[in-house]
Amino acid sequence: MSDKVPVTVLTGYLGAGKTTLLNRILSEPHGQKYAVIVNEFGEIGIDNDLVVGADEEIFEMNNGCICCTVRGDLVRIIDGLMRRKGKFDAIIVETTGLADPAPVAQTFFMDDNVGRKAKLDAVVTVADAKWLQDRLKDAPEAKNQIAFADVILLNKTDLVEPDALSEVEARIRGINPYAKLHKTERCRIALPEVLGRNAFDLDRIMEIEPEFLGDGTHDHHDHDHDHGHGHAHHHDGGLKHYHDEEMQSVSLKTDQPLDPDKFFPWVQELVQIEGPNILRCKGILSFKNDDQRFVFQGVHMILDGDHQRPWQPGEKRESRIVFIGRKLPMDKIREGFAGCAA
């Protein structure tokens, strides 16, 4: 897996600060070579001082990054990048403000040429602390972008009162409890928090969701909620919990080894049937008679997975999966997963 170029998909509503983040990546002397693919070079406002040689589609940046604009086909561009000499460390794809990140993310699974050379590293969503609440009301894409993310930058926090900030944070958690959330001003963030996240590695989730390690399964749909309005708040220790009517997530785990001959047909069938409702799924699996951790992730109906590394001595061999989506049949998913034990 390691020889594939990691790809970061960068998404977020218009004006949330994606361009600021891109300019940061393109100008910081980080010693990495990035290829940045933007939708429309003209409108995105990349700082022109950064551009060295501008032929039609590929621009060199003064810190060794290159930048391309997608007027054509994403696959064609990536293919062209892969052929360039002096390969780069990572690719960043910026999706238009209104775009659903799914088709872009799917490209890295679907196209064989691309899939052989590149792998989806993480979906990073930049959200505007001030306007997100409104966007969640009027724009379904905004909710998709939050649900889809592995990393969320809640940006422009300096423009919002603390109460409003914890409110918007609670809303985000209600939609996606698993993403790594950073509060930023002007997208100031250490780049390793955004790039090279290896989102396949569910250990990242463990950092955020300690309940994940508790007994049994956990999903934040078990909260009893007040049917009078869209979501429930409960207060524990002053922390608001929202629960989003539309989006749910379910996490499953077992320390029994799985049977690959049961697991793969089950998960394939599940995503075929529920695919449109499953935004993301990912997991680390322990198969019987297999010394390697198997990791997979999916976007809608498309799954991709591979052996990652051997289980370490003393490491707890367990399987963990997360599904995030709309109107998921929780019980059916749990039962199906339980039936995959070897």
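The values are calculated or read from the model by the stated rules, or taken from the named source; none is laboratory data. Owing to the predicted nature of the structure, the values given are computational and were not obtained by experimental measurement. Cβ sites come from the backbone with ideal geometry, for glycine too, and all protein chains shown count toward neighbours.
Looking across region 75-97, just one residue is in contact with a helix residue (DSSP H, G or I) (Cβ under 6 Å, 6 or more places away or on another chain) and either assigned to a loop (DSSP other than H, G, I, E, B) or modelled with pLDDT under 75 (or both), and that is T95. For region 160-174, a residue qualifies if it is in contact (Cβ under 8 Å) with a residue 40 or more places away in the chain and either of a type in the set (D, E, K, R) or outside the structural domain of D134 (by TED's automatic domain parsing) (or both), and the qualifying residues are E167, R171, R173. Quick one: in region 148-164, of everything that is assigned to a helix (DSSP H, G or I) and buried (at least 17 other Cβ atoms within 10 Å of the Cβ), which residue is modelled with the highest pLDDT? Filtering first and then ranking leaves T157. The set of residues in region 286-340 that are part of a strand (DSSP E or B), in contact (Cβ under 8 Å) with a residue 40 or more places away in the chain and over 24 Å from the mean Cα position of the chain (by Cα) contains only F287.
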